[in-house]
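This structure is in structure tokens; I'll ask about it shortly.
The values are calculated or read from the model by the stated rules, or taken from the named source; none is laboratory data. Just so you know, these numbers come straight off a predicted model, no measurement behind them. Cβ coordinates were reconstructed from backbone atoms using ideal geometry, including for glycine residues, and neighbour counts include every protein chain displayed. Accessible surface areas use protein heavy atoms only, side chains included; no ligands, DNA or RNA. Shrake-Rupley method; radii C 1.70, N 1.55, O 1.52, S 1.80 Å.
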Amino acid sequence: DQQNGPSLSVKERDRRYAAIRKQLREKNVDCVIVNGSNLFYLTNGLTGELFGLLTAEERSLAVVITWRHLADLSPQVLADSQEWVKDLLQGIDARPLIAKIKELRLENGTIGLAGPISYKFYSQLNSALPSAKIIDVSDVFANVRTIKSAEEVALIEKANTIFDAAIERVHEVARPGMLGREVIQEGIKAMWDAGGDMDSTF
């Protein structure tokens with residue numbers, strides 16, 4: 001929300017994708033499967049996101065959303081609610097991405113992994129794509145994420161301001177005998193007042 005401060009644009013999304021893709025191509029990697037914070041880096045945060053697939057070529061990022069979040073909601077509604085991701089898949093494991101990789105005819109290529117991938121997920125991938133070469137490319141994300149754009153710096157500065165508001169509020173209201181949860185609640189409310197979102201933690 002721009003009235004609460006800076007946000008990340010589609011231009012920033014495209015900058016991130018281009019930087020990741022450049023390094024994937026340098027490593028001769030056809031696509032990368034991501035989760036955790038590396039997935040968040042590519043999606044700007046989607047409710048229920050589990051895994052993502054980014055190709056080295058210019059194709060849409062595909063994101064697997066846990067089935068619970070799409071049980072009563074059309075994927076199109078979620079796609080229309082934000083600008084970063086339009087290719088949404090439903091699932092809880094590797095199967096939707098395996099199908100996508102086959103659809104893109106990359107099953108004989110090199111697939112990168114970037115994130116804490118479980119043994120079950122890896123086994124599914126390895127079993128369904130026996131001709132693929134699977135490698136760790138976490139370093140690609142570490143490299144790209146180290147260099148911050150002007151938009152990212154502005155967002156970090158805003159986040160710091162929001163957190164500082166929590167510290168100031170606690171300094172003002174915390175007294176001996178207050179319950180810990182009351183202190184935390186005061187900090188979180190201050191973060192909301194300063195422009196933090198509902199996921200703000202303190």
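In the stretch 79-95, which residue that is open to solvent by less than 20 Å² (accessible area, probe 1.4 Å), of a type in the set (A, V, I, L, M) and outside any helix (DSSP H, G or I) is nearest to Asp30 (Cα to Cα)?
Checked the stretch 79-95; the qualifying residue nearest to Asp30 (Cα to Cα) is Ala94.
Could you go through the stretch 114-123 and let me know if any residue there is farther than 25 Å from Ser37 by Cβ and either within 18 Å of the chain's Cα centre (by Cα) or assigned to a loop (DSSP other than H, G, I, E, B) (or both). Don't jump to the end; show me each part of the working.
Taking the stretch 114-123 and keeping what is farther than 25 Å from Ser37 by Cβ, we get none.
Checking the stretch 114-123: not a single residue is farther than 25 Å from Ser37 by Cβ and either within 18 Å of the chain's Cα centre (by Cα) or assigned to a loop (DSSP other than H, G, I, E, B) (or both).
Right, next: Just to be sure before I move on: is Gly195 in contact (Cβ under 8 Å) with a residue 60 or more places away in the chain and either closer than 18 Å to Asp30 by Cβ or in contact with a strand residue (DSSP E or B) (Cβ under 7 Å, 6 or more places away or on another chain) (or both) in the structure I sent? Spell out how you get there, then give the answer.
Details: in contact (Cβ under 8 Å) with a residue 60 or more places away in the chain: yes; either closer than 18 Å to Asp30 by Cβ or in contact with a strand residue (DSSP E or B) (Cβ under 7 Å, 6 or more places away or on another chain) (or both): no.
Here the answer is no, as Gly195 does not meet what is asked.
Of all residues in the stretch 47-62 being in a loop (DSSP other than H, G, I, E, B) and free of Cβ contacts under 8 Å to residues at least 40 places away in the same chain, which is surrounded by the most Cβ atoms within 10 Å (Cβ to Cβ)? Working first, answer last.
Restricting attention to the stretch 47-62, the residues satisfying the condition of being in a loop (DSSP other than H, G, I, E, B) are 47-48, 56-61.
Checking which are free of Cβ contacts under 8 Å to residues at least 40 places away in the same chain leaves us with 47-48, 56-58, 60.
Numbers: Thr47: 13, Gly48: 16, Ala56: 22, Glu57: 12, Glu58: 9, Ser60: 13.
Looking at residues that are in a loop (DSSP other than H, G, I, E, B) and free of Cβ contacts under 8 Å to residues at least 40 places away in the same chain, I get Ala56.
A further question on this structure: Restricting attention to the stretch 174-202, report how many residues are within 21 Å of the chain's Cα centre (by Cα) and among the acidic types (Asp, Glu).
2
Failed condition for Pro116, given (1) open to solvent by 20 Å² or more (accessible area, probe 1.4 Å); (2) farther than 22 Å from Ile20 by Cα; (3) at pLDDT below 95, with all others met?
(2)
Looking at the stretch 17-46, which of its residues are closer than 19 Å to Ala99 by Cβ and open to solvent by 10 Å² or more (accessible area, probe 1.4 Å)? Even if it seems obvious, please write down each step before you answer.
First, the residues of the stretch 17-46 that are closer than 19 Å to Ala99 by Cβ: 30-35, 39.
Matches in the stretch 17-46: Asp30, Asn35.
Right, here's the next one. In the stretch 154-173, is there at least one residue being surrounded by 15 or more Cβ atoms within 10 Å (Cβ to Cβ) and within 18 Å of the chain's Cα centre (by Cα)?
The answer is yes, given that some residue of the stretch 154-173 is surrounded by 15 or more Cβ atoms within 10 Å (Cβ to Cβ) and within 18 Å of the chain's Cα centre (by Cα).
Okay, next question. Tell me which of these Ser149 doesn't satisfy, since it passes every other one: (1) among the hydroxyl-bearing types (Ser, Thr, Tyr); (2) over 20 Å from Glu12 (Cα atoms); (3) in contact (Cβ under 8 Å) with a residue 60 or more places away in the chain.
For Ser149, the exception is condition (2).
Consider Met178 against the criteria (1) at pLDDT below 90; (2) surrounded by 11 or more Cβ atoms within 10 Å (Cβ to Cβ); (3) out of contact with any Ser or Thr (no Cβ under 9 Å at 6 or more places or on another chain); (4) outside any helix (DSSP H, G or I): it satisfies all of them except one. Which criterion is unmet?
(1)
Oh, and also: If you check Ile98, Ile65, Ile111, Ile135, which single one turns out to be part of a strand (DSSP E or B), closer than 24 Å to Arg25 by Cβ and open to solvent by less than 20 Å² (accessible area, probe 1.4 Å)?
Details: Ile98 fails: part of a strand (DSSP E or B); Ile65 fails: closer than 24 Å to Arg25 by Cβ; Ile135 fails: open to solvent by less than 20 Å² (accessible area, probe 1.4 Å).
The match here is Ile111.
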